Amino acid sequence: MPRKIQDHFILIDKCAGQTRIAEIEDRILTKYICWPDSSPPIIGNIYKADIIKKLNGGVVRAKTKDHLVLTVRGVPKDIKANSKIDVIITSEQYDDKPVQAKIFLQDMSDCLELSNIQRIIHLFFQKNLPIVEDHHAIYWNILDLDKIFLNALNSRVEIKNGGVLWIEKTKTATLIDVDTHNLLLDSDEANLEFSKKVFIKCIEEIKLRNIGGMIIIDFPRISFESKKKLHEYILNKGKKYFSDGSFLGFSRLQLYELYIPRNFPPLERFYINEEEFEFQNHLRSLWRKSKENKSKNNIQFICGKNLYKKIKEQKLPPFIKIIERLDLPNNYGELMEMSK
């Protein structure tokens, strides 16, 4: 870790049962990805695979020697079924969705000499940024990352040069309401240009929050002809961000509908409610203390009944003793440094 915190860096956080990679610039979360790490991640790994079926748009189904079925993108048209290809994994298996991969071409050969973590950075983020490898989250407080992450989850998102997005997630869909917010848009053409700019901001927020499933955007009202132009623009730009996304168009209620496959857990998983937030931070405090403590034999974590049951299921520092206390509130937890 650099002595001085950089204003633009990538944090690799392997703690509390998951790996998270976050790019932070000027104390704002700009890119983020996360996956469970109960087993080593396969993202960034390169495999040999056989094409078992060709789909549309340079997409194929392929299978590795270990019988792992992949959805592979970027496959040239002249490569036929049953061909052998090299692929680089770009996502873990999430829910019932297939593992995603890209065909490994010559211009990606610089990945070969990289470690798995470095390949992830190469695939998902910009190059040549400072990287903080925080295996036990000891920098979480120093960087005040909870505040940065929570700010990234605000339902209200301001658009540069005017306008506001309101993002609300439900069980069935994510709703994005576009508010012109005191902007003076006095023509159909002005509303169309504003809607184009708004769509790019929507896509950036969808990527940042790892939003998947059905997404509905309520754009400002525009004419039928402008809707056709906006839909064409969305198709063109949207496929560049989400090649596997479906951009369905305007519904009868004049709401724009799109569907993005769920490839990764959403950003808010860590902050799903106050109890989970506190539990994850208890885990972080144990790992932080394990790095600070020199004697390695005089630290106890005392906790109530419910917290004890949850925390004993996690990977923990071996020299911090976990003590259940029935006289404490169920979800109470506190680190204690015992006198020698």
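Computed from the coordinates by the stated procedures, all read-outs in this text should not be read as laboratory data. For clarity, every value in this text was computed on a predicted model and none was experimentally measured. A quick note on method: Cβ atoms are made from the backbone with ideal geometry, for glycine too, and the neighbour counts reach across all protein chains shown.
Observations on the structure shown:
- One quarter of the surface of the convex hull around the alpha-carbon atoms of region 153-252 equals 6.4 nm², the direction-averaged projected area.
- Distance violations [Cα-Cα > 25 Å] among Lys201/Lys227; Lys197/Lys239; Lys80/Lys228; Lys63/Lys97: Lys80/Lys228
- Rg and Dmax over the alpha-carbon atoms of region 273-337 stand at 11.2, 35 Å.
- Dipole of region 152-231, positive end: most advanced residue of Leu183, Asn161, Ala173 [Cβ charges, Cα centre]: Ala173
- The residue among Phe279, Pro318, Asn306 whose Cα reaches farthest toward the positive pole of the charge dipole of region 273-337, with charges on the beta-carbon of Lys, Arg, Asp and Glu, is Pro318.
- Under the span-like rule (Cα at least 20 Å along the axis, Kyte-Doolittle mean at least -1.0), DSSP H helices of the chain: 188-209
- Under the Debye formula (equal points on every Cα, no solvent term), log10 I(q)/I(0) of the chain at q = 0.12, 0.13, 0.14 Å⁻¹: -1.01, -1.13, -1.23
- Cβ-placed point charges (K, R +1; D, E -1), dipole of region 173-282 about Cα centre in debye, nearest 20: 620
- Ellipticity estimate at 222 nm from DSSP helix runs (n ≥ 4, -39,500 (n - 2.57)) divided over the chain, nearest 500: -8000 deg cm²/dmol
- About its Cα centre, the dipole of the chain is roughly 1080 debye, where the only charges are +1 on Lys and Arg Cβ and -1 on Asp and Glu Cβ.
- Within the chain, DSSP assigns beta bridges of which about 75% are antiparallel (rounded to the nearest 5).
- Peptides 85-91, 322-328 ordered by average Cβ neighbours within 10 Å, highest first: 85-91, 322-328
- Taking a straight Cα-Cα cut-off under 16 Å and skipping sequence neighbours fewer than 8 places away in the same chain, the aspartates and glutamates within cross-link reach of Lys53 are Asp78, Asp86.
- Per residue, the convex hull volume that the Cα atoms of region 198-279 enclose (Å³): 104
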